[in-house]
Amino acid sequence: MRTLQHVNPSGTRVFFGTLTGGESLHEAFTEIVQTKWIKAATIEMLGGLSEVEFTEYDFVNESRRPALRFERAMEIVNGHATVSLLDGKPHVHIHLALSFRDPDAPHGIAVIGGHCASARAFAVEFVLTAYDGAPVSRGLDAATGLQLWEMGESV
C-alpha cells in the first residue's frame, strides 16, 4: 500500500542551528518546533555526539528490542529526522549513522546506526525545514503495529 499527501500549500521555512553542551536532541528539537509552531518538518544534522541509544523494532513479534546504549565520542555520518504530530503533540523521529575509532574494527573505524531513542550533542549543526500547510499526524497502523503517518490518499 502507498499513501501520499501534499503538505506544503502555503510555504517553507528553513532554520539553521547548533546544539552543544550535552543537549538532548529530542528535547531540543521538540522545544524548537513548539516555539516556531511547526507541525511538519525534516531535519538534517551532522557533528558529534557524546551518547546515543538505539532501539530496533522486531517486525515478526511487533515489539521493540532492548536498547543499545553507547557513551563515547561519535561522529554523525548521516543524521535525519522528521517532525509530525502524535496525539496532537510534536513527535521527533530520528535515525542516525555514527562512526567512532575502534582498533578492532576494519581500518580502525566502526559504524553504528538505526532508530535513535535518545542522544546527547557534543556539537551538532542542523538544518530544519518546516513545511507550513497541512499538518502530518501519526496513528497506529494495524498492518505493522507502528505509529505511521496518516496520509489522506492512496496512490
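Odds and ends about this structure:
- Of the strands (runs of 3 or more DSSP E) lying entirely inside the range 37-155, those containing at least 3 residues that are charged (D, E, K, R) and touching a residue at least 40 places away in the same chain (Cβ under 8 Å) span 41-55, 109-132.
- Filter result for Val7 (of a type in the set (Val, Ile, Thr) and outside any strand (DSSP E or B)): yes
- Among the residues of the range 5-64, those that are acidic (Asp, Glu) and touching a Lys or Arg at 6+ places or on another chain (Cβ under 6 Å) comprise Glu51, Glu53, Glu56, Asp58.
- Checklist (1) at pLDDT 95 or above; (2) closer than 27 Å to Ala143 by Cα applied to Pro66, failing item: (1)
- Which listed residue is over 17 Å from Ala130 (Cβ atoms), of a type in the set (Val, Ile, Thr) and at pLDDT 95 or above, from Ile94, Ile112: Ile112
- Lone qualifier among Asn78, Asn8 - being at pLDDT below 95 and either of a type outside the set (D, E, K, R) or within 12 Å of the chain's Cα centre (by Cα) (or both): Asn8
- Complete set of residues in the range 103-135 that are closer than 24 Å to Gln5 by Cβ, within 15 Å of the chain's Cα centre (by Cα) and surrounded by 15 or more Cβ atoms within 10 Å (Cβ to Cβ): His115, Leu128, Thr129, Ala130
- Residue check for Met74: within 21 Å of Phe29 (Cα to Cα) and either among the β-branched types (Val, Ile, Thr) or touching a Ser or Thr at 6+ places or on another chain (Cβ under 9 Å) (or both): yes
Each row is one residue, and each column tells you yes or no for (1) in contact with a strand residue (DSSP E or B) (Cβ under 8 Å, 6 or more places away or on another chain); (2) hydrophobic (A, V, I, L, M, F, W, C); (3) buried (at least 17 other Cβ atoms within 10 Å of the Cβ).
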site	(1), (2), (3)
Gly22	yes, no, no
Glu31	no, no, no
Lys36	yes, no, no
Ile43	yes, yes, yes
Glu56	yes, no, no
Val60	no, yes, no
Arg72	yes, no, no
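- Per-region count, the range 12-36, residues more than 25 Å from Phe70 (Cα to Cα) and touching a residue at least 12 places away in the same chain (Cβ under 8 Å): 9
The values are calculated or read from the model by the stated rules, or taken from the named source; none is laboratory data. Quantities reported herein were computed from a predicted structural model and do not represent experimental measurements. Neighbour counts run over all protein chains shown; Cβ positions are idealised from the backbone, glycine included.
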